[in-house]
Amino acid sequence: MEASSLSVTLAPGIGLALWLAAGPTLAEPAHTLDAPLPPRPTPDAFSAPPAPFALGDNTTLFVNFEGVQLGECNPSDSRRDCSWYNYEAPFPPFSGTVQTQVGVLQAMRSDVSEFGIRVTAQRPESGNYTMVVYGGTESEYGALGSAPAGDCDDDVPNQIAFAHLDGDLNEWVNGGATTSLHEAAHSWGLDHIDFEGSIMFPSGNNAPTYFREECDGMVEDTDLNPGQAACPELNMEHCGDPSRQNAAARLTRLFGPAYVDIEAPVVDLLEPSDGQYFQAPANFDVIFETTDDQHPQAYSVWAWLGDDARPDDESIRVDPGFSVTDLPIGTWDFHVVVADEAGNESRVDFTIEVGEDPPPDPVTEEDGCGCRTPDAPGGSGWAWWICVPVALARRRKRR
Ligand SMILES: [Zn+2]
């Protein structure tokens, strides 16, 4: 067994430039955040009650990039995929890259890092959650997004908001995060304010934004005319003025302090199977199914063989899978550790047998990853190669 004499080479992620290219464009003209809503119909007689919750409980914000056909209901219900508007036509899956999706999610998490808001693109199996449908284009819907407003105590915790960043804007990262949070915050009762560059300003572009921790004047339109506050009592409580809003105080009141991620990712080996036999030289893709409370995200991955020590350096990627090429005859113990962005780790161990003879049942499946491995340097030996290049998003600084 020669495992300890072979080096493991993980190719660096090459998606970083894509993320940098999609960064803030300060000269970008302002876009209107909200499309006007149709008149709200009479509430349904049937409305599924929310899961038990109280003021100050953490909430979940599910960003749906997968596309959806909404049914009709009032109030809207994320769990049942129904809404009192935008149910006429299906939302196709978001056409932007996985890198853009992860960038949007990371920017959102950075913006809500001080509040009890979990941001995920995996639909929760239970509990209450606000859903942002991330689909459709600005030109189709007349603005970057929309949402129902006025729910001051989040008494209806399963509403649906919309972010129309597909089409020409499908590489926007900061603008996607701003729109998603702006619209979700409307569904939590927050109003527009007159502070440009903040999340609740009524127009925006692809520049970074943040939730204000100060008391700002409430406005009702993009011309910044003062308007009627949705939640004057709460403004009075936080600012001593019914027409001024402190976004951070409102979000903390609703959802409590920072969401703490203590859940390790669940990493299941899909291919190859543990103990699978290959004929030398073996070439195969290692494919995992990864779930986590904040999936997808930039995972840290360590991979090594046999009795080698775990490497010091991790590689960062959205998909922990990789390809193996030209693995020689032997019994190979693979070890993979995957950590989420909060540092919670999971480990997967599996063994691969490589011999001289062909396997009894030839594997005829197509390459599941669609990636190809170039010849190893020097034309001999073997290398591991990343299937999915990953954009590692820079953490945005507040303000
Ligand atoms: Zn708005």
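The values are calculated or read from the model by the stated rules, or taken from the named source; none is laboratory data. Because the structure is a prediction, the values reported are computed rather than measured. Backbone-built Cβ (ideal geometry, glycine too); neighbour counts: all protein chains shown. All accessible areas refer to the heavy atoms of the entire protein, side chains included, with ligands and DNA or RNA removed. Shrake-Rupley method; radii C 1.70, N 1.55, O 1.52, S 1.80 Å.
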Inset, instruction - For the stretch 167-188, name all the residues that are buried (at least 22 other Cβ atoms within 10 Å of the Cβ) and more than 11 Å from the ligand (Cβ to nearest atom). - result: Trp172, Val173, Asn174, Gly175, Gly176, Ala177, Ser180, Trp188
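With under 31 Å from the mean Cα position of the chain (by Cα), modelled with pLDDT of 95 or more and surrounded by fewer than 21 Cβ atoms within 10 Å (Cβ to Cβ) as the only criterion, which of Glu345, Glu314, Glu341 stands out?
Glu345
Residue-by-condition table, conditions (1) part of a loop (DSSP other than H, G, I, E, B); (2) out of contact with any Ser or Thr (no Cβ under 8 Å at 6 or more places or on another chain):
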{"residue": "Thr178", "(1), (2)": "no, no"}
{"residue": "Glu183", "(1), (2)": "no, no"}
{"residue": "Glu196", "(1), (2)": "yes, yes"}
{"residue": "Arg212", "(1), (2)": "yes, no"}
Inset, instruction - Go through the stretch 189-228 and give me each residue that's under 20 Å from the mean Cα position of the chain (by Cα) and open to solvent by less than 10 Å² (accessible area, probe 1.4 Å). - result: Ile199, Asn206, Phe211
Inset, instruction - Considering each residue of the stretch 73-105, count those that are open to solvent by 20 Å² or more (accessible area, probe 1.4 Å) and closer than 13 Å to Trp172 by Cα, and give that number. - result: 5
Legend entry - So Ala143, is it assigned by TED's automatic domain parsing to the domain that holds Asp44 and free of Cβ contacts under 8 Å to residues at least 60 places away in the same chain: no
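Please find, among Gly150, Gly142, the residue that is more than 30 Å from Asp292 (Cα to Cα), within 15 Å of the ligand (Cβ to nearest atom) and modelled with pLDDT under 95. First the steps, then the outcome.
On the way: Gly142 fails: modelled with pLDDT under 95.
Every option except Gly150 fails the conditions.
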Legend entry - Members of the stretch 326-338 that are surrounded by fewer than 19 Cβ atoms within 10 Å (Cβ to Cβ) and assigned to a strand (DSSP E or B): Asp326, Gly330, Thr331, Asp333, His335
Inset, instruction - Quick one: which residue in Asn225, Asn205 is touching a strand residue (DSSP E or B) at 6+ places or on another chain (Cβ under 9 Å) and without any contact (Cβ under 8 Å) to a residue 24 or more places away in the chain? - result: Asn225
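What number of residues in the stretch 250-277 are open to solvent by 30 Å² or more (accessible area, probe 1.4 Å) and either acidic (Asp, Glu) or not in a loop (DSSP other than H, G, I, E, B) (or both)? Show your work before the answer.
First, pick out the residues of the stretch 250-277 that are open to solvent by 30 Å² or more (accessible area, probe 1.4 Å): 252-253, 257-260, 262-264, 266, 268-271, 273-277.
Filter again for either acidic (Asp, Glu) or not in a loop (DSSP other than H, G, I, E, B) (or both), leaving 252-253, 257, 263, 266, 268-271, 274, 277.
Matching residues across the stretch 250-277 total 11.
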